[in-house]
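Have a look at the structure below, then the notes.
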Amino acid sequence: MIRRNDFSLDHFPILKCWPEDGGRYITLPMVFSRNPDTGKRNCGCYRLQVFDERTTGMHWQTHKQGAEHYRRMRARGEPNAWTWRRNWRRSRGDVFGDPSSAARPR
């Protein structure tokens with residue numbers, strides 16, 4: 001199942017794992033990004049903090065490919081684009097957006 005309407009992160013069992021965590025986190029998601037210059041895709045595991053039912057925050061270390069894709073898109077003035085997939089199930093139904101072309105966040 002691919003959800004395009006009425007999507008909410010609240011439908012998923014996302015935990016606050018540690019007492020001093022800043023909130024709930026999606027641990028080990030597969031995050032897909034695309035280099036805007038070459039079109040080369042990257043898949044990395046970046047911990048996602050859930051802010052609300054439709055928004056997550058992501059921390060990239062500077063040397064990671066996803067961070068480089070973000071910097072290149074920002075320099076070109078393009079909107080950020082990525083999609084992510086839960087890693088704890090391995091079915092096509094866990095994909096949000098179109099995995100062949102990065103989904104645009106709000």
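The values are calculated or read from the model by the stated rules, or taken from the named source; none is laboratory data. Source: prediction; values computed, not measured. Positions of Cβ are backbone-derived with ideal geometry, glycine not excepted, and every protein chain shown enters the neighbour counts.
Taken over the stretch 10-22, residues that are more than 28 Å from E68 (Cα to Cα) and either β-branched (V, I, T) or not in a loop (DSSP other than H, G, I, E, B) (or both) amount to 2. As for the stretch 63-77, it holds no residue that is modelled with pLDDT of 85 or more, polar (S, T, N, Q) and either within 19 Å of L15 (Cα to Cα) or assigned to a loop (DSSP other than H, G, I, E, B) (or both).
Filtering the stretch 23-45 for residues that are over 25 Å from H69 (Cα atoms), assigned to a loop (DSSP other than H, G, I, E, B) and touching a strand residue (DSSP E or B) at 6+ places or on another chain (Cβ under 8 Å) leaves a non-empty set.
Yes or no, residue by residue, for (1) within 22 Å of Q61 (Cα to Cα); (2) surrounded by fewer than 11 Cβ atoms within 10 Å (Cβ to Cβ); (3) in contact with a Lys or Arg (Cβ under 8 Å, 6 or more places away or on another chain); (4) free of Cβ contacts under 8 Å to residues at least 40 places away in the same chain:
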site	(1), (2), (3), (4)
D21	yes, no, no, yes
L28	yes, no, yes, no
S33	yes, no, yes, no
G39	yes, yes, no, yes
N42	yes, no, yes, yes
C45	yes, no, no, no
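With respect to (1) part of a loop (DSSP other than H, G, I, E, B); (2) exposed (fewer than 13 other Cβ atoms within 10 Å of the Cβ), the lone exception for F7 is condition (2).
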